[in-house]
Amino acid sequence: MNAEPAVQLRLLDLQALDSRLDQIEHKRRTLPALATIADLDGRLGGLRDRIIAAETEVADLERTLTKAEADVEQVRARSAKDQELLGSGRITSAKELESLQQEIASLARRQGDLEEAELEVMERLEDARSALGTLTAERDEITAARDAAVSERDAAWGDADRDKEWVGSERSNVLGDIPADLLKLYDKLREDHNGVGAAALHQRRCEGCRMELTPTDIGRIRDAAPDTVLRCEECRRILVRTPESGL
């Protein structure tokens, strides 16, 4: 394959632009903010389950407390009614009076048990609400950190997109100077060699594989016509001669 030396040099310009595009894409994929967001998303996912469980516990305890309060109030009302009857003097029978006093005493014991149970539920509810508050505060803190990481990611992606747009525009200008057959070879080599299809020969070393050429290879290159498209014997990339080739 043959191409004018100026065209081959343009191939190096294209390679530089393509390498820049690869760097931009790599930076987009490896932003520290992305790992931060993924970590925070995982933590938020775990917190959601714990918060749902805590909210369920609080709701259950609130219903239990409401029932306990109603039970206590019912016993208090019954006890107050019996106390009123006892103090009214309407009961004159000693047997009925004794029975009423026993019922009042039983209600008092029942009220004490219910109030103790009510207090226990109140304490459990207070602990559950406190635990829920801790979890929601942690969720809010993580959410704020995630929002900050998303903003950082979006800003970096915005910069990358602007860089990519500029490099893409420059690349379009360079493409017009490169023949289709040379471009096809370059694209194939880029695909096979980690994004690098063309490299400069600099001080007798291939800048693609970083290997220094042998005297035999140097002699072959020195004897080649200026428009001959050369390949590195080591990495097979297109090897472009420059004023700094050391020939």
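The values are calculated or read from the model by the stated rules, or taken from the named source; none is laboratory data. If you're wondering where the values come from, they're calculated on a predicted model, not measured in any experiment. No Cβ is skipped: glycine too gets one built from the backbone with ideal geometry, and neighbour counts run over all protein chains shown. For accessibility, only protein heavy atoms count, side chains too; no ligands or nucleic acids. Shrake-Rupley method; radii C 1.70, N 1.55, O 1.52, S 1.80 Å.
Where the second residue is of a type in the set (S, T, N, Q) and buried (at least 16 other Cβ atoms within 10 Å of the Cβ) and the first is more than 14 Å from Thr64 (Cα to Cα) and lies in the stretch 108-129, which pairs have Cβ atoms under 9 Å and are six or more apart or on separate chains?
Once the first residue is more than 14 Å from Thr64 (Cα to Cα) and sits in the stretch 108-129, its partners that are of a type in the set (S, T, N, Q) and buried (at least 16 other Cβ atoms within 10 Å of the Cβ) give Ala108/Ser79; Arg110/Ser79; Gln111/Ser79.
When the stretch 1-39 is examined, which residues are found to be without any contact (Cβ under 8 Å) to a residue 24 or more places away in the chain and of a type in the set (Lys, Arg)?
Arg29
What number of residues in the stretch 224-247 are among the acidic types (Asp, Glu) and either under 16 Å from Pro5 (Cα atoms) or buried (at least 18 other Cβ atoms within 10 Å of the Cβ) (or both)?
Qualifying residue count, the stretch 224-247: 2.
Could you run through the stretch 130-140 and say how many residues are touching a residue at least 60 places away in the same chain (Cβ under 8 Å) and not aliphatic (A, V, I, L, M)?
Of the residues in the stretch 130-140, 3 are touching a residue at least 60 places away in the same chain (Cβ under 8 Å) and not aliphatic (A, V, I, L, M).
Could you grab me the full set of residues in the stretch 36-51 that are under 11 Å from the mean Cα position of the chain (by Cα) and open to solvent by 70 Å² or more (accessible area, probe 1.4 Å)?
The answer is Asp39, Arg43.
Glu207 - would you say it is farther than 15 Å from Asp18 by Cα, buried (at least 17 other Cβ atoms within 10 Å of the Cβ) and either acidic (Asp, Glu) or in contact with a strand residue (DSSP E or B) (Cβ under 8 Å, 6 or more places away or on another chain) (or both)?
yes
Free of Cβ contacts under 8 Å to residues at least 12 places away in the same chain and either out of contact with any strand residue (DSSP E or B) (no Cβ under 6 Å at 6 or more places or on another chain) or closer than 13 Å to Ala16 by Cβ (or both): which single residue out of Ala180, Ala200 fits that description?
Ala180
Working only within the stretch 71-107, note down all residues that are of a type in the set (Asp, Glu), free of Cβ contacts under 8 Å to residues at least 40 places away in the same chain and in contact with a helix residue (DSSP H, G or I) (Cβ under 7 Å, 6 or more places away or on another chain). Give the steps one after another, and end with the answer.
Within the stretch 71-107, the subset of a type in the set (Asp, Glu) is 71, 73, 82, 84, 96, 98, 103.
Next cut, free of Cβ contacts under 8 Å to residues at least 40 places away in the same chain only: 73, 82, 84, 96, 98, 103.
Result: Asp82, Glu103.
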